[in-house]
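Since every read-out is calculated from the coordinates, none of them should be taken as a lab result. Please read these numbers as outputs of a predicted model, since none were measured by experiment. When we count neighbours, we look across all protein chains shown, and the Cβ atoms used for this are built from the backbone with ideal geometry, even at glycine.
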Amino acid sequence: MTDKYDVWAIDAVVNPATAEIAALRPEWSDSFYTGKIGRDRAPLDGLSLKQTLERMDRAGIERAFLIAAKIGQLGLQGSWHLSYEMVAGLVAEHPDRFYGLAGIDPTEGMNGVRALEHAVREMGFIGAHLYPHWFELAPDHAKYYPFYAKCVELDIPIQMQVGQSLVYDLKRPLRSVGRPITLDTVACDFPELKLIGIHVGIPWTDEMIAMAWKHRNVFIGCDAHSPKYWPESFVHYINSYGQDKVIFGTDWPVLEFERTRDEIEALGFRPGPKRKLLRDNVLRIYGLD
């Protein structure tokens, strides 16, 4: 690790960006990354795992969770799925640095549930991942419930995007169905399910904090929004009564590894809460060493 950081971080939200994967991404992703969020082209054109690990090392990131994302129902404009097999292959190359998260498509029904189980039991995935807005179904919709039940059975957490959805370069803008309050019903119906609302919940961050405060099984992922722009209430939550409830992530390449670490350092967290944010909480929630 570099001398800049005193804690090794675990990045719980990372989109793999090898050249092979970059070639599979839909056209809208190019304008989204370079125009909407102003990122450089390198991850879009593809980085080797060695290059990715070098960036992680410079940012003091020990391990990363790689998402096998399922973005919308296949066949609809802009939708695409990254296969479990491809992500499992990347993890197998560096099992000491990477873990896999299995994306969920609720339109796949029980076939999707069985695929999730196979990914966990046979391929070593450690959790599930969901983009509700891509399906325009709120997190408390019945179509997700078989997946939630399987996550409980497998004892794995599920991450899901909460907050507003951005406007992609599509002919069909996607509704912002991920209000954090919708996790209330899910947490009540599945008190054993570890629910992680990622993307901070912006613009409903205080609502997301309320859900994490109310439910012992609800947590927050701090990815996708630059720390220097985090709401003051969220920074206070991490540094005080919510210090056991938030996990670190970048949603890379949405946020750069090193810049995100630097912005977190600049927020002046107390040592204990900072360590919990960067590594201890995610290790506990996912049952990792």
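Annotation: amide H-H contacts under 5 Å for THR18 (H modelled 1.01 Å from N, sequence separation of 5 or more, or interchain): LEU47.
Computed from phi, the 3J(HN,Hα) profile of the stretch 186-191 under the Karplus parametrisation 6.51, -1.76, 1.60 (θ = phi - 60°) reads 4, 5, 6, 6, 10, x Hz, with x in place of Gly and Pro. Label separation (GLU232 vs TRP80): 4.2 nm, computed from points 7 Å beyond Cα along the C-beta direction. Each residue of the stretch 262-267 is assigned a 3J(HN,Hα), and the resulting list reads 4, 5, 5, 4, 6, 7 Hz, derived from the Karplus form 6.51 cos²θ - 1.76 cosθ + 1.60 (θ = phi - 60°), x at Gly and Pro. Please report the spacing between the Cα centers of the stretch 51-100 and the stretch 187-201 in Å, no decimals. Spelled out, the Cα-based centre of one part sits 22 Å from the other. Which entry in (i) 13.3; (ii) 15.2; (iii) 16.2 matches mean projected area of the Cα convex hull in nm² derived from the coordinates of this structure? It is the value labelled (i). Amide H to amide H, with H built 1.01 Å from N, HIS225 comes under 5 Å of no residue 5 or more places away or on another chain. Give me the net charge of ASP140's neighbourhood, meaning all other residues with Cβ under 12 Å from the Cβ of ASP140; Lys, Arg count +1, Asp, Glu -1. Computed value for this residue: 0. Taking amide H positions as modeled 1.01 Å from N, with prolines and chain starts lacking one, the residues under 5 Å from ALA9 and 5 or more places away or on another chain are ILE61, GLU62.
Which entries in the list LYS4/LYS50; LYS143/LYS194; LYS50/LYS194; LYS50/LYS171; LYS150/LYS245 go over 29 Å, if you measure between the two C-alpha atoms of each?
Long pairs (Cα-Cα over 29 Å): LYS50/LYS194; LYS50/LYS171.
Here the Karplus relation 6.51 cos²θ - 1.76 cosθ + 1.60, evaluated at θ = phi - 60°, turns the backbone of the stretch 52-68 into coupling constants of 5, 5, 4, 5, 4, 4, 5, 9, x, 9, 6, 9, 9, 9, 9, 8, 8 Hz, with x for every Gly and Pro.
When DSSP beta bridges are limited to those with both residues in the chain, what percentage is antiparallel, rounded to the nearest 5? Spell out each step's value before the answer.
Numbers: 3 of 28 bridges.
Around 10 percent antiparallel, to the nearest 5.
Restricting to Cα pairs below 8 Å that are 6+ residues apart, what does the relative contact order work out to for the stretch 9-286? Please round to a whole percent.
Working: 531 pairs, mean separation 50.6, N = 278.
Dividing the mean separation by the residue count of the stretch 9-286 yields 18 percent.
Using the Cβ atoms and a cut-off under 13 Å, what net charge is assigned to the surroundings of TYR99, where Lys and Arg are +1 and Asp and Glu are -1? Overall, the nearby charge balance is -3. Over the chain, DSSP H runs of length four or greater, each weighted -39,500 (n - 2.57), average out per residue to a 222 nm ellipticity of -9500 deg cm²/dmol.
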